[in-house]
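Enquirer: Structure provided below as structure tokens; questions to follow.
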Amino acid sequence: MQTPLLAELIDALRVLPGVGQKTAQRMAFHLLQHDRQDGLVLAETLQRALRGIRHCTRCRNFAEETLCPICASSKRDASQICVVETPADVDAIESAGVYQGQYFVLMGHLSPIDGIGPDELGLDALAKRLAEGDVSELILALNPSVEGEATAWYIQNMAREHGVKVSRLAQGVPFGAELEYLDQQTLAQAFQARQQA
């Protein structure tokens, strides 16, 4: 029989994706039996991260300052914006090392059934960036799913209203795949062979 605090710890660990009851239980037991000090470091780091990491005011990626390191860098090409669904997609593209522009992170995709519309994705902020006139190319690097395609179509129309060229990632990205799980070479090739939308 579990103590109330142990049950609470196990339930808390279950908020992580892919962590079910048994995995959460194994994690809790491991921390309590073998790694109490590391568990305290984990708890402290988690608290600091949840309090200190916010969204970049320009691209919506994770940041510790007002701007993320990419938006703050003068070495990035501000005339190109790559639109992605998640910060994990930014990491995947950055790891491929083929893109030197800036990003806009939607934090999801259009899903009317789930109540996610343009406002929830910050598309008003993207429209504002496009209206500034500094962007010459918008690269759509959205996951090739039904929702990703609908989101891409919406953004493509918005970009065209501002006279901005739109391109999409090309070969190597199968329908239904998520960018964060693609290998670096496939992602690099898709980026280099992007096509005008």
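Enquirer: Quick check on the range 4-52: take the gyration tensor over C-alpha atoms, sort the square-rooted eigenvalues as a ≥ b ≥ c, and tell me if it's rounded (a/c under 1.5), prolate or oblate. Numbers along the way, then the final one.
Expert: Working: a/c = 1.92, a/b = 1.26, b/c = 1.53.
Verdict is oblate for the range 4-52.
Enquirer: Provide the FRET efficiency to the nearest 0.05 for the Arg48-His162 pair, computing r from the beta carbons and using R0 = 45 Å.
Expert: Values: r = 39 Å, r/R0 = 0.87.
Working from the Cβ atoms, E equals 0.70.
Enquirer: Mind pulling up the Rg/Rh value for the range 74-174? Radius of gyration and Kirkwood radius, both on Cα.
Expert: Working: Rg = 12.9 Å, Rh = 13.8 Å.
Radius of gyration over Kirkwood radius for the range 74-174 works out to 0.94.
Enquirer: Could you tell me which of Val15, Gln33, Ala43 has its Cα farthest along the dipole of the range 4-52 towards the positive end, charges placed at Cβ (Lys, Arg +1; Asp, Glu -1), taken about the Cα centre?
Expert: Final value for the positive-end residue is Val15.
Enquirer: Short version: what are the Cα gyration tensor semi-axes of the chain, square root of 5 times each eigenvalue, largest first, in whole Å?
Expert: One finds semi-axes of 36, 19, 17 Å for the chain.
Enquirer: So what is the relative contact order of the chain, in percent, for Cα pairs below 8 Å that sit 6 or more residues apart?
Expert: Values: 277 pairs, mean separation 31.1, N = 197.
Over the chain, the number comes to 16 percent.
Enquirer: Another question, if that's okay. For Ser145, what residues show an amide H to amide H distance below 5 Å, using hydrogens built from the backbone and excluding near sequence neighbours?
Expert: Amide H neighbours of Ser145, under 5 Å, 5+ apart: Gly176.
Enquirer: When a/c reaches 1.5 or more, the comparison of a/b and b/c decides; with that in mind, is the range 42-111 rounded, prolate or oblate per its Cα gyration tensor? Write down the numbers at each step before the final one.
Expert: Details: a/c = 1.81, a/b = 1.49, b/c = 1.22.
Because a/c hits 1.5 or more and a/b exceeds b/c, the range 42-111 counts as prolate.
Enquirer: Mind checking the full-extension length gain between Trp153 and His55? Use 0.36 nm per residue of separation minus the Cα-Cα distance, one decimal, nm.
Expert: Residue separation times 0.36 nm, minus the Cα-Cα distance, leaves 32.8 nm.
Enquirer: Right, another one. Only Lys, Arg, Asp and Glu count, each charged at its Cβ (+1, +1, -1, -1), so figure out the dipole size of the chain about its Cα centre, rounded to 20 debye. Spell out each step's value before the answer.
Expert: Working: 17 positive and 25 negative charges, 41 e Å.
My answer is approximately 200 debye.
Enquirer: Report the charge-dipole magnitude of the range 48-153 in Debye, nearest 20, computed about the Cα centre from +1 at each Lys and Arg Cβ and -1 at each Asp and Glu Cβ. Intermediate results must be reported in sequence, preceding the final value.
Expert: Working: 9 positive and 16 negative charges, 94 e Å.
For this selection, approximately 460 debye.
Each reported figure results from applying straightforward, stated rules to the coordinates on display, with no laboratory input. Bear in mind the structure is a predicted one, so any value in this text is a computation, not a measurement. Cβ: placed from backbone, ideal geometry, glycine included. Neighbour counts: every protein chain shown.
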